1. How far, in degrees from 0 to 90, does helix 11-51 lean away from the longest principal axis of the Cα atoms of the chain, to the nearest 10?
2. Give me the mean projected area, in nm² to one decimal, of the convex hull enclosing the Cα positions of the chain.
């Protein structure tokens, strides 16, 4: 990042970028977890209906 931004890459800018990156990563991680949970529920229901 410092190579691209040069002097504009202050510690404050780099820290803010890190916080933003982590926040965005957490949004995607949570969304993926919800998708897995939903798909697991659908699969369980399907298996139950096929078994009984």
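Nothing in this text is a laboratory measurement; each read-out follows from the coordinates by a stated rule. All of these numbers come straight from a predicted model, not from anything done at the bench.
1. Between the helix axis and the principal axis of the chain, the angle is about 10 degrees.
2. For the Cα atoms of the chain, the hull's average projected area reads 4.5 nm².
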